[in-house]
Each structure stands twice: as C-alpha cells, then as structure tokens.
1. Return the residues of segment 61-75 that are part of a helix (DSSP H, G or I) and modelled with pLDDT of 90 or more; say none if nothing qualifies.
2. Considering only segment 19-60, how many residues are hydrophobic (A, V, I, L, M, F, W, C), surrounded by fewer than 17 Cβ atoms within 10 Å (Cβ to Cβ) and modelled with pLDDT of 80 or more?
3. Taking the criterion of being assigned to a helix (DSSP H, G or I) and free of Cβ contacts under 8 Å to residues at least 60 places away in the same chain, would at least one residue in segment 217-224 satisfy it?
4. Hey, can you tell me all the residues within segment 384-400 that are within 11 Å of ligand 1 (Cβ to nearest atom) and open to solvent by less than 50 Å² (accessible area, probe 1.4 Å)?
5. Are there any pairs with C-beta distances below 6 angstrom linking a residue in segment 350-374 that is outside the structural domain of residue 417 (by TED's automatic domain parsing) and over 14 Å from residue 308 (Cβ atoms) to a residue that is in a strand (DSSP E or B) and open to solvent by less than 10 Å² (accessible area, probe 1.4 Å), with the two at least 6 apart or on different chains, and if so which?
6. How many residues does segment 117-137 hold that are over 19 Å from residue 106 (Cβ atoms) and either of a type in the set (Val, Ile, Thr) or in contact (Cβ under 8 Å) with a residue 24 or more places away in the chain (or both)?
7. Take the conditions small (Gly, Ala, Ser) and surrounded by fewer than 16 Cβ atoms within 10 Å (Cβ to Cβ) and apply them to residue 136. Does it pass?
8. Restricting segment 190-200 to residues that are in a strand (DSSP E or B) and in contact with a Leu (Cβ under 8 Å, 6 or more places away or on another chain), which is surrounded by the most Cβ atoms within 10 Å (Cβ to Cβ)?
Amino acid sequence: MTPMDKPNRLLLLSELRVRDTAYNVSLSRSLLTWKRRASSPVYHPFRPMSYVERCQQHRWRCAAVTFTCPDGGLCQSWVGAIAEQLAAITSRPRRLLIYINPYGGKRQGGRVYEQKVAPLFAQAAISTHVIVTEHANHARDHLRTDAELKKYDGVVCVGGDGMFSEIVHGLIWRTQMDSSLDPNSPDETLTSCSLRIGIIPAGSTDCICFATVGTNDPVTSALHIIVGDSQPMDVCSIHHNNTFLRYSVSLLGYGFYGDVLTDSERKRWMGPVRYDFSGLKMFLTHHYYEGTVSYLPARGVVGTPRDAARCRSGCVVCQHNGPKPSERAEKYETDDCGNDGDWRTIRGKFLAINAASMSCACPRSPKGLSPAAHLADGTTDLILVRKCSRFDFLRHLLRHTNKEDQFDLNFVEVHRVVRFRFMPRHCQSDSDLELDLLENGKRQIFGQICRDHPACGCAPAYSSWNCDGEILTHTAIDVRVHCRLIKLFARGIEEPQVFEDLTNPCAI
Ligand SMILES: CCCCCCCCCCCCC/C=C/[C@@H](O)[C@H](COP(=O)(O)O)NC(=O)CCCCCCCCCCCCCCC
Ligand SMILES: Nc1ncnc2c1ncn2[C@@H]1O[C@H](COP(=O)(O)OP(=O)(O)O)[C@@H](O)[C@H]1O
Ligand SMILES: [Ca+2]
C-alpha cells in the first residue's frame, strides 16, 4: 500500500459480509464505511472490529462488527490496511495521566472510571497512570511540580468542574514556568498548554463537559479521548492588584451565583441538589450589590451575544476570531499601551454580574448562561443583571430553561468583552466615595451607614465571586481572556443533522 497524500483518497473497496448480509466496504484515510448491497459467494471472517456509533442526544457508544470476505488474501489486505491507517493517526493518545476525585458529585468517580472507562482505554491499548486524589488541590499540585508530563499524551480528570479547574491550574502554571513567564502579571501573553485534557463527568454541574460534548456521559467522553479529538478553549485569568488569583473557564459570577455557591458549600453532603436548595434560598433572599464594572469590548471579532447561531463543532466564528498573531496584538493593544480610550464603565446595583467564556450549558440549563458564547473566540460574555423585582428576576432565570431570550429584558445587558474589571462600591477609593455621597445626597449616606451596621439586617455590601465553582478570596478583580490557552479531548457539540446523515462510523 502506498502512503496517501489526500485525506479522503480511497485505499480499499470490496464486497464484504457482516453475518449473511453483503456490504460495499470502503477504507479511506482513517474512515471505514459500509453500505448494504445485493449478495454472493463464500466468505472468510476478519477479527471483530470496534467502532464508534452515534446515538441519541450526542451520545457515543462503542460497537463491534465482524466482516467476512471471499478470499484469504483480500482479508489480509483489509486487516493490514486498517492497522496501518490506525497506526498513522498521531492525534490519538497512547499514554494518559488520570486523576480521580472520589468525592465529586455523587461520589461515584472511582466506580464510573473502573466500570465504564478503564475497559475502553484497555481495548484501545491506551496505557494509564491513575491517581485517586487524597485531598483538594492534590491533582493541581502534582501537575505543577511532580508529574513527568513528557511521559503522557494527555491528562484526564474524573470529577466535576472543580476538578477540571484543578487540572487547568496545574497545567497552565507548569506551562508558564517552563516558558519562564510570570503568571502574576495580568498583561503577560501566556503560552498555550500542549497536553490535551479529557473530562470524564462525575461532578455536580459538569458544564464544561456538557458544553464541549453535548452530554454528560462517561462512555461518550472516553470515546472522544480515544479517537483523539481536540477542542481549543479560552481561559480567563483573574488578578487582584496585579496578583494572580485564579483562572476561569466557564462561569465567573458575582451576586446571585456567588451567593448560591457560598451557601451550597455548607450543603455539600446533599450532593448536586445542594445547588437547587441554595438557588431557591438565594432567589428568595434577593440581595443586590453595588459596584463599578469596566470593560474592554471585543473588537475585530464576528458574532455577538445575541446571535441566533451557536458555537458548534468546527465553528467558523471561533476559526475567524482565533489567534492570528496580528489581530491578537490588536485586541489587547489599548490596554498594553495604557491607552484606555475603549474602556467603558457602568456603575450600579446588580443582582448578578456574570462572565461566561463559553455557553455554560448544563443539564439545568441546556442552552446555558450565554447561549451564543463561543468556546475558542478569545472573548467572554459579560452579563449584568441590575436590581429588579423578584418576579422579574424569576422571569430572567426561567428563560435559561426555555426558548425565550434571557437578555431581552430591560434590566439585563450583555457585552462581548476581552477584559473587564469589577470594584465593589465599598472598595472604591475615598475620593470616589465622597463623589458618590455628594452626588446622591443624604439618602445615600444613611443607606451606607445602614449596610455597614449588621444589627439592622440590611443587605450585605459584598458578595463573592463564583469562579468555576470555587469562591474567590477577593471581590475587586481584573479579568482578561486568553484565547485558546488549553485544549480538550472534545470536538464541540455536533449539529444533529451531522449524525443523522452520517453513516460513516470510525474504527477505534
Ligand atoms: C427557575 C429555574 C431557574 C434555573 C436557572 C438555571 C441557570 C443555570 C445556569 C448554570 C450555569 C452553570 C455554570 C457552571 C458552573 C460550575 O462551574 C459550578 C461548579 O460546578 P461543579 O459543582 O460541577 O464543580 N457550578 C455552579 O456554580 C452551580 C451553579 C448552579 C446554579 C443553580 C441555580 C439554580 C437556581 C434555582 C432558582 C430557583 C428559583 C425558584 C423560584 C420558584
Ligand atoms: N480527594 C479529595 N478530597 C476532597 N476534595 C477533593 C478531593 N479531590 C478533589 N477535591 C476537590 O473537590 C471539589 C469538588 O470537586 P468536583 O469534582 O468539581 O465535584 P463537584 O462537581 O461535586 O463540585 C474541588 O474543589 C476539588 O478541588
Ligand atoms: Ca469564548
């Protein structure tokens, strides 16, 4: 067989059988297809072959097929050609480093891995080094310093968004150290991580898996890892006073989602439903917070947060907005030069301030917090929900679960940005505060005294930031998007017609 230069050039085409049915079977580079046909002679069996079958709702399953063939020589050609094609695929991982959080979600991580995932990795001849974490940040710290990353083609986490966040922190930190970059500088252009990350969902929200694969299913995720998919993703860095705090990949939320998280941490024993209890409680509490949001709108990008189009597998918006070196420089130019002509500032009272670097789709909200956000376009959608009635806030929340537009409300605004800052009102400089007091008069002065006085039971002045399910230690933050800083073993959500039309399974 000659090496193929064109990706879809036909390598072999024969009439083969599966049990008593004859098929026209073709092999082109990394694609095996079979179509039913009218039948004929005596057949020799191949070894059974595994392949990926697409099922309902973005789920993948591993299936097996045994072809038979009329002559032994042709049979050998087929087996050889398939083996050669599989060996030529370099994107498939051979060695994986796996971290299991035994306490994530319903505490089923270990069982899910052993029963559903390990057998598939073994079948695909992937060697694994498995670490069951013993404490929070075990995986992060191991990746930062101890892990021999050269030995692996990818890192897999079994757990939820919090566990994924640990892996992201470990890998990004290690990559910047290896490149002698300073993670404490918010203006540093960070180096992208070369190792891909796989997520076996076993957490409480699992929105990163859901928004990159379309379902939270361990077998589907394992198969995306095995076939060597790759999906780049934006990451936000969060700083306070030029000190690095954390990275965020999904939701960075102040006010409602921060309060839900703080409250739900005390209810961890409840498992995933803790978020619903705390959600209801914080909805009834109805706290608002004052502060100033400044943001740098994304320039030179296509797409807006109100688009009807969604980020899907092979997304053209992500491809267009992705990191072309010149464009990238331009995106940050204003800030790097200290020219903040483009910065916009909004002061107000907010029920929620959310930044969604991707849709944040999850089973609770299948379209997500920002349905038109993109996985790898170098932007985040900044959603401001101003103080409004409980009824209006409920309308906004409910729209996350139906087809109505959650942004089409006069107390909600959304901006696609590359950088933003938040300053809670009580952190503002003395001169700012004085200005406020002068502007707003006596009522404001009494308002402030009241809030500073716990005995009167008024609203607290501060919320916390929910950063991918972790609580940040500071409220005044500076957030910057880093385009495509990490890669996942995923391909983005596939459009339904892709798998309805697709009769081409791929061998594993
Ligand atoms: C009335 C129903 C309203 C439903 C509104 C649902 C909006 C849900 C958007 C969820 C975005 C999730 C973004 C992901 C965050 C995760 O990184 C992060 C960590 O995940 P991990 O635990 O797997 O590690 N998860 C979270 O922070 C959880 C956020 C969950 C928020 C749930 C809010 C439920 C609200 C219920 C309100 C009920 C009002 C009822 C009034 C009668
Ligand atoms: N062995 C462990 N013991 C306790 N906490 C852990 C352990 N391993 C990881 N964690 C922490 O558990 C938290 C939640 O993990 P995650 O897998 O996201 O589950 P969930 O989705 O239920 O929050 C994360 O903050 C992670 O750092
Ligand atoms: Ca994005």
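The values are calculated or read from the model by the stated rules, or taken from the named source; none is laboratory data. The structure displayed is predicted, hence computed values, not measured ones. Cβ coordinates were reconstructed from backbone atoms using ideal geometry, including for glycine residues, and neighbour counts include every protein chain displayed. Accessible surface areas use protein heavy atoms only, side chains included; no ligands, DNA or RNA. Shrake-Rupley method; radii C 1.70, N 1.55, O 1.52, S 1.80 Å.
1. none
2. Looking only at that region, the number is 2.
3. no
4. Within segment 384-400, 393, 396, 397, 399, 400 meet the criteria.
5. Within 6 Å, no pair qualifies.
6. 12
7. Here the answer is yes, as residue 136 does meet what is asked.
8. Among those that are in a strand (DSSP E or B) and in contact with a Leu (Cβ under 8 Å, 6 or more places away or on another chain), it is 199.
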